[in-house]
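Only one structure is covered here, and it is reproduced in the block below.
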Amino acid sequence: MSSTEQGSVIRPYGDMTGDGMIQVSFTLPIPHDKRAEGAALQLAAKMGMSPALLVHAKAMGDSHTFFVVYGSVSHLVELDKVEVIERDFPLLSAKEINTTIKKTLRRPLVVVGACIGTDAHTVGIDAILNIKGFAGEKGLEYYSEVKVVNLGAQVLVPELVERAREEQADAVLVSQVVTQRDAHIHNTTAMSAAFREAYPAGTVPLLIAGGPRFEEGSSAVLGVDRIFGKGTTPSEVASYLVHAVAQRAGDATTRPTAPQEQQ
Ligand code: B12
């Protein structure tokens, strides 16, 4: 029986429908021995897994142990209460994207991209920007009406702001892959604050952050216009850019102006 036939309440599936089986992995800061295995099962029980089976335990150095536990949970998933954030812009073809930019801006759309902070994971931003692209799609460099300036890895925020001003960027795309100690949140928040400080109100370029572990719907908290997560393809980003630029052009007919130009 499928979940649709069952109605809006489901349980995890392991060996049989509705058995509630799940698998979790975690590390405890203790050496691997019998007590450590007991500690892992205690944690599983406290998480509501009953019965729970320790399927894997491996020492991670002298002082830590990694575990995989498989067991049943009694919790129900209520599909009616699941909130889904739908894409609120249409996906366009490369031709439609170039035509819309020409019509809206009458000049190429300028995009400045970088991995900021100490992050050296450039594969994600390159997948979006470089002509070779990602998942069978060409990157933004492929679009004749998009000018891409890819600054690469470990770019400092002041450097990014400066270059965005020099290039008169319409959009700034930053990548954050490392999330240790919430580095992605701190770096993105610092980046958006720096742009708001450097540009007069209403002239800040579109600020876009991407990476596999950003929380959907967190753009407002981070001070950016849009977050893109795991599996993003270049055409989604290009479609968003023309949508957002057209929206802005509707609000004000001039392009964002760098602060030094206004004096
Ligand atoms: C390749 C890799 C590296 C390479 C990076 C090479 C390079 N030039 O990028 C090297 C070896 C240098 C490296 C180093 C490190 N790495 Co590393 N690395 C990876 C690995 C295996 C793959 C990442 C990747 O390329 N994914 C493929 C791309 C296409 O996916 P993506 O980044 O998610 O990008 C997509 C979307 O997220 C989105 N996107 C991403 N950015 C942006 C930006 C914008 C604007 C938009 C619109 C979209 C977007 O679009 C992309 C396409 O869909 C991951 C593990 C994994 N399997 O993910 C670990 C991983 C990211 N690394 C990790 C770590 C810890 C490190 C090191 C700290 C290790 C160490 N102790 O030295 C260093 C840090 C170096 C540094 N200063 O940043 C951890 C991060 C853990 C965490 N939670 O923070 C991971 C998850 C591995 C792990 N499980 O521990 N790493």
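The values are calculated or read from the model by the stated rules, or taken from the named source; none is laboratory data. What you are looking at is a predicted structure, and each value in this text was computed from that prediction instead of being measured. FYI the Cβ positions are ideal-geometry reconstructions off the backbone, even for glycines, and counts take in every protein chain you see. Each accessible area value is taken on the protein alone, full model and side chains, heavy atoms only, with ligands, DNA and RNA left out. Shrake-Rupley method; radii C 1.70, N 1.55, O 1.52, S 1.80 Å.
Quick notes on this one:
- Hey, Asn150 within 13 Å of the ligand (Cβ to nearest atom), in contact with a strand residue (DSSP E or B) (Cβ under 7 Å, 6 or more places away or on another chain) and within 22 Å of Ala244 (Cα to Cα) or not: yes
- Every residue from the stretch 100-138 that is open to solvent by 30 Å² or more (accessible area, probe 1.4 Å), in a strand (DSSP E or B) and within 9 Å of the ligand (Cβ to nearest atom): Phe134
- Extreme residue, least open to solvent (accessible area, probe 1.4 Å), among residues of the stretch 83-92 that are touching a residue at least 12 places away in the same chain (Cβ under 8 Å) and farther than 19 Å from Leu207 by Cβ: Leu92
Yes/no matrix, rows are residues, columns are (1) hydrophobic (A, V, I, L, M, F, W, C); (2) open to solvent by less than 20 Å² (accessible area, probe 1.4 Å); (3) within 12 Å of the ligand (Cβ to nearest atom); (4) not assigned by TED's automatic domain parsing to the domain that holds Gly250:
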{"site": "Glu167", "(1), (2), (3), (4)": "no, no, no, no"}
{"site": "Asp170", "(1), (2), (3), (4)": "no, yes, no, no"}
{"site": "Val174", "(1), (2), (3), (4)": "yes, yes, yes, no"}
{"site": "Ile185", "(1), (2), (3), (4)": "yes, no, yes, no"}
{"site": "Glu197", "(1), (2), (3), (4)": "no, no, no, no"}
{"site": "Ile208", "(1), (2), (3), (4)": "yes, yes, yes, no"}
{"site": "Gly211", "(1), (2), (3), (4)": "no, yes, yes, no"}
{"site": "Glu215", "(1), (2), (3), (4)": "no, no, no, no"}
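- Condition met for Val157 (surrounded by fewer than 21 Cβ atoms within 10 Å (Cβ to Cβ), among the β-branched types (Val, Ile, Thr), free of Cβ contacts under 8 Å to residues at least 60 places away in the same chain and farther than 18 Å from Thr118 by Cβ): no
- Candidate set from the stretch 19-34 (those that are assigned to a loop (DSSP other than H, G, I, E, B) and closer than 23 Å to His75 by Cβ); member that is least open to solvent (accessible area, probe 1.4 Å): Gly20
- Qualifying residue in the stretch 35-55 (condition: assigned to a loop (DSSP other than H, G, I, E, B), over 30 Å from Leu140 (Cα atoms) and either charged (D, E, K, R) or open to solvent by 40 Å² or more (accessible area, probe 1.4 Å) (or both)): yes
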